[in-house]
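Peer 1: Structure below; questions to follow.
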Amino acid sequence: MILKKLILKEWFKSFFISFLVLLLLVSVSHLISELLRGSLGPAKIFYGFLFQLPSFLQKIIPVCCIFGSLLSINRLINRNELVAIFASGYSRKNYLLTIFQASFVVACIQFYNIGFLIPSSTLEKEIRLNPGSKTLKGEGLRKIFLEKGKFWYKRDDYFLSFSGFNQNSDLLSNVYLLKYGQDHSLNEVILADNIKYRDDHNWLFSNVLIYSDLGSTDFPKVTRQESLLMQLHEIPQDFKEIQANISTLNFFELGRYIERFKNSEINTSAFEILYLDMIGSSIICIIFALLASMPLFYPNRRGNPFGKYLMYVFFFTLIYWFAYSYLMELGKNSRLNVYLSIFILPGSFLLFLGLFFNKHSKLSN
């Protein structure tokens, strides 16, 4: 237990030192960049930085896991304490398990940051700094969708309700259109299985049911039509912005959001990628911490290849971020399964670690 506390103390000490250094570098560079641009006042720049801080932490935390393992192991090697730890009977397997436990705590913090703090800070930023933004307007529509299962869109002369928007075909599904007059009395209700954009604000309604003359004292007139061409204020880009900017939804809300769209037979690949990324970006904290623990198998100061392993880990990290971003784009465009897009790289890294540790299995016990 004493040895485990020593290892954890060294790991978290290295983690927090690297965390503070990287956070300071990122913060200073961001603030200087914003001040030089001169488009915002100092107060807005400062508040904007606070709201963006969770997004910065998303990139900083995994890198700090690398330094947490590398620096703590190197410090123990230089003080000849790592040899003493292993000589006392504390195996490399137990050491790796301790690093796993430490990085698991960090991964949980990362998950909370990505899944909850970032959406919350993004929404708070829009409320305080951009109160009239489309992101904030879309947030209200998405909240209604989560509660009712349909979007409700209000214009000056009608309410438009729909279950989902297919960005590939510019198609709204399960549409209700409620038209009202200047006195806000309901004049006409139009129901359609779907509506498809044509051009110049023209939308083609399919399989239409129309209830008209609702303002008269007689019974409403009911009409069925196979199609109906009608002008709306909206164009496809308006609906794309509503669905695309889902940065204000937390982990559970985004999960329900995706389920709602699946019921509407809408392509949800872009949303599922963001949802699974919250998990994948948390898991990588553990993988990076274990990847940087390879110097455990060279505990002597004379044979300590710290610089070499630092370059190896840095190289693997760059490959990971570039490849991960590319695979995410493939998943968003439905060119690759969303689960493969997110988990194929972490799985490959785990396979590499498994082969490396198996190669040194005699030393692990």
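Peer 1: Working only within region 101-125, note down all residues that are within 21 Å of Phe51 (Cα to Cα) and of a type in the set (Phe, Trp, Tyr).
Peer 2: Matches in region 101-125: Phe111, Tyr112, Phe116.
Peer 1: Pick from Asn358, Asn337, Asn304, Asn333: which is among the polar types (S, T, N, Q), under 22 Å from Gly280 (Cα atoms), assigned by TED's automatic domain parsing to the domain that holds Ser72 and at pLDDT below 85?
Peer 2: Going through Asn358, Asn337, Asn304, Asn333 in turn, just one is among the polar types (S, T, N, Q), under 22 Å from Gly280 (Cα atoms), assigned by TED's automatic domain parsing to the domain that holds Ser72 and at pLDDT below 85: Asn333.
Peer 1: A follow-up question, please. Looking at (1) touching a Ser or Thr at 6+ places or on another chain (Cβ under 8 Å); (2) over 30 Å from Pro54 (Cβ atoms), find the lone condition where Trp203 falls short.
Peer 2: That leaves (1) as the condition not met.
Peer 1: Residue check, Leu36 against (1) modelled with pLDDT of 90 or more; (2) over 24 Å from the mean Cα position of the chain (by Cα); (3) not β-branched (Val, Ile, Thr), all met but one. Which one?
Peer 2: For Leu36, the exception is condition (1).
Peer 1: While we're here: Name the single residue that is surrounded by the most Cβ atoms within 10 Å (Cβ to Cβ) among those in region 198-210 being of a type outside the set (A, V, I, L, M) and touching a Leu at 6+ places or on another chain (Cβ under 8 Å).
Peer 2: Trp203
Peer 1: Is it the case that region 160-171 has a residue that's closer than 15 Å to Leu229 by Cα, of a type outside the set (Asp, Glu) and not assigned by TED's automatic domain parsing to the domain that holds Ser269?
Peer 2: yes
Peer 1: Let me ask something else. Every residue in region 1-27 that is at pLDDT 90 or above, surrounded by fewer than 17 Cβ atoms within 10 Å (Cβ to Cβ) and within 24 Å of Arg92 (Cα to Cα), please.
Peer 2: Lys4, Lys5, Leu6, Leu8, Lys9, Phe12, Lys13, Phe16
The values are calculated or read from the model by the stated rules, or taken from the named source; none is laboratory data. Just so it is clear, the structure is predicted and the values come from calculations on it, not from any experiment. For neighbour counting, all protein chains shown are included, and Cβ atoms are generated from backbone atoms with ideal geometry for every residue, glycine included.
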